[in-house]
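What follows is a single structure, written as structure tokens, with notes after it.
Laboratory data are not the source of any read-out in this text; all were calculated from the coordinates shown. Keep in mind that what you see is a predicted model, and the values were worked out from it rather than measured. A quick note on method: Cβ atoms are made from the backbone with ideal geometry, for glycine too, and the neighbour counts reach across all protein chains shown.
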Amino acid sequence: MAAHDYNPEEVRKRRIRGRRKRKIREWFVFTGYLTPSLLGVLLFFFGPMMIVLVQSFQRSATNTEFVGFDNYVNVWNNQAFRTASINTLIFAGIAVPLAVLLALLLALLLSSKIPGKSVFRSIMLNPMMVPVASIVLIWQVMFSYNGALNTYMGWFGIDKIDWMKSDWSRLVILILFLWKNLGYNMVLFIAAISAVPQEQLESAKMDGAGAVRRFFSIKLPYLWPTIFFVGIMSLINSFKIFREVYLLAGDYPYDALYMLQNFMNNMFSHLDNAKLTAAAIIMCIAMIIIVGILFIAENKLGRDTEE
Amino acid sequence: MKRNEITPLNPIPSKVKEETHEHGSIRDLKEVEIVRLSEEEIEKMHEKGRADAKRRMRIRTATGRIWTTLGFLLAFAVAAFALMPIVLTILDSFMSTDEIKTNYSAVYNSLSSASSETKVYLSSTPKLKMIPDMVSFSQYKTLLFLSPTYLLKFWNSVALVVPIVLGQILVGCLASYSFARYRRKRREVLFFSYVILMLMPFQVTLVPNYLIANKLGIYNTWWAIILPGVFSTFSVFLLSKYMRQIPSSYIEAAKLDGANEWNIFTKICLPMCKSAVYAMAILLFIDYWNMVEQPLILLEDSSKQPLSVFLSQINASEVGVAFAASFIFMLPPLLIFLYGEQYLVEGISRSGIK
């Protein structure tokens, strides 16, 4: 009987209506799951970021007069900001490639046939778990002017170096950074290396490819995504190096260690809202550009290796 | 057996012998010569081949062994470097306060003048000993029973970190489930902005945090740190990466059985991502246990500061107990590491693979 009522137009409409209803319901359900996070992010990050953007064009927190790009020019011409940016960039430029390269070498080492691999991996991952604040004392014992390293060097007739108050301080911080971050990067690389198809390595070995050749022709193409991931993570961590600097050298470190966060802290303590907001926006844009370049480079390189 | 496999020329002669009698082809001429070799000569050739292979094998295993040893030594050196600061801190925490002072006062005297321009040049070389003469628990005694500040700061740290970790895991799981299951173009844009937010350094995010804390009147309270911590997007990024790896057939099957989204979330998604959630919790715990930037800016009151900030303000007079304080501070993360290393390694490993 129902067959007689069959009306294709009606059925189609009903189907479309049903589909739309389901779509709307789906949207509500999944937006429901997202809501707590989204509200929080809007309230604590994106919303205030907009206020920061607006305030960066105003004279000060109390005087809302529009001043155009004055604040940006002020920050840009600020000597402390320049020093801090250059120091941060120099540090990232040295520390990030080193952190990637050394971690990759360590991962290759721990992927080879040496005994006790898993023990070594645990030990090398350990520094990641140790708060910087609690090993700062040992670092000070090592590197202070009357410290252990200078004493040991004295035995060999090498002159004392004022580690924390010369350009050597960069090296001290670099060693601390590598100590802390190599383990994490290494675990990422070990996972990536073990994901390289074994048959390809075997057949290359049969064809007489040496270890170096096998690394560059087979492993490396598979490792590119991980190299970029590790690079980005290390970059983020290199921006956090202020923590180490602060714990080792306090509020007023040697010039070479004056990082962007030091600059921001000083602006916070002076309540200099105009410079603070403008600097935050500049850094935000710089960060987006850097990450964007990395993403584009990864896409390019990833495509090259696939072909 | 193994030797036979390596030895060249082994089974050919006898086989050839039979064939040459049947066929009178050109091959005969060559192979007849082989046949002519006496048993002794063949045996000699075998012997030579075997010795050759053996020698080559020995060289190869020798070089292999050398490389393995070198690699082992290198790994050992790196591991020693990784452990050294931790071990020294623990050892030094068992020195008595007096011993610390005689050993390290030179170091810390020069440090306390760090802010002023003058450098302290000591005429006498400082005594630097790493290993205590006598095990003494005096540091711990002072720390735990005589000066309540340290314990107070320790509990400050706990009170800050635990809500952040639990809250962010809860909020993050819900949000990542949404991002993993509902994939439309606009959502992907939102997800990308979450990723960008995750990548932002403190130098950027602390300014809006400070602003909003002032507006909400929670500046200089723990909420100013806890709330932004709970809604930080780090966990969303990694967890949704995991949840996207769940095969859709599982979800379809559950749907056919009449499961609603909540059932799918709690009965399928969370159990399958258990190790990722644990790993995430460990990572978050380390990150916030270690925090310095946020409390420095968002907490004015030094009595509310966590131990991580306080440890850096130790001056020469308190050096006597600083090592024990450091050790107590690193103890919770180390215990968590011992307990959850498997999860952590697995979680990190899978986060890097796309």
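For a modelled paramagnetic label at A:Ile288, 7 Å from Cα along Cα-to-Cβ, the residues of the range A:39-63 in reach, with backbone nitrogen under 19 Å, are A:41-58. Just to be sure I understand the curve: with the Debye formula and one point per C-alpha of the range A:68-222, what is log10 I(q)/I(0) at q = 0.17, 0.20 Å⁻¹? At q = 0.17, 0.20 Å⁻¹ the computed log10 ratios are -1.07, -1.23. Computed from the C-beta positions of A:Ser122 and A:Asn74, the FRET efficiency with R₀ = 45 Å rounds to 0.35.
Close amide H partners of A:Gln58, meaning residues 5 or more places away or on another chain with modelled amide H under 5 Å apart, are A:Val67. By the Cα gyration tensor, the range A:85-130 has an equivalent ellipsoid whose semi-axes, rounded to whole angstrom, run 28, 14, 4 from largest to smallest.
Using alpha carbons only, the radius of gyration of the range A:2-55 set against its Kirkwood radius gives Rg/Rh = 1.45.
Using just its DSSP H runs of length 4 or more, each adding -39500 (n - 2.57), chain A gives a mean residue ellipticity at 222 nm of -25000 deg cm²/dmol after division by all residues.
Residue exposure proxy: A:Lys160, B:Lys185, ordered by other Cβ atoms within 10 angstrom of their Cβ from fewest to most, comes out as B:Lys185, A:Lys160. Distance between the pseudo-spin-label points of B:Val87 and B:Arg56 (7 Å out from Cα toward the beta carbon): 4.4 nm. I need the calculated FRET efficiency for the pair A:Asn299 and B:Leu37, taking r as the beta carbon distance and R₀ as 51 Å, to the nearest 0.05. With a Förster radius of 51 Å, E is 0.20.
What does a probe at B:Glu300 reach in the range A:259-285, counting residues whose amide N is under 15 Å from the point 7 Å along Cα→Cβ? From the range A:259-285, the list is A:268-272. In terms of surrounding Cβ atoms within a 10 Å radius of their Cβ, A:Trp76, A:Trp224 rank from fewest to most as A:Trp76, A:Trp224. Counting beta carbons within 10 Å around each of B:Leu299, B:Leu331 and listing the fewest first gives the order B:Leu331, B:Leu299.
For the cross-link pairs A:Lys117/A:Lys205; A:Lys13/B:Lys241; A:Lys180/B:Lys267, the ones whose C-alpha atoms lie over 30 Å apart are A:Lys13/B:Lys241; A:Lys180/B:Lys267.
Hydrophobic, long helices, defined as DSSP H runs whose alpha-carbon span along the helix axis is 20 Å or greater and whose mean Kyte-Doolittle value is at least -0.5, occur in chain A at A:79-111, A:169-194, A:220-239, A:273-306. For the protein assembly as shown, the C-alpha radius of gyration divided by 2.2 N^0.38 Å, with N the number of residues, is 1.24. Alpha carbon centre of the range B:163-222 versus the range B:260-308: separation in Å? That distance is 12 Å.
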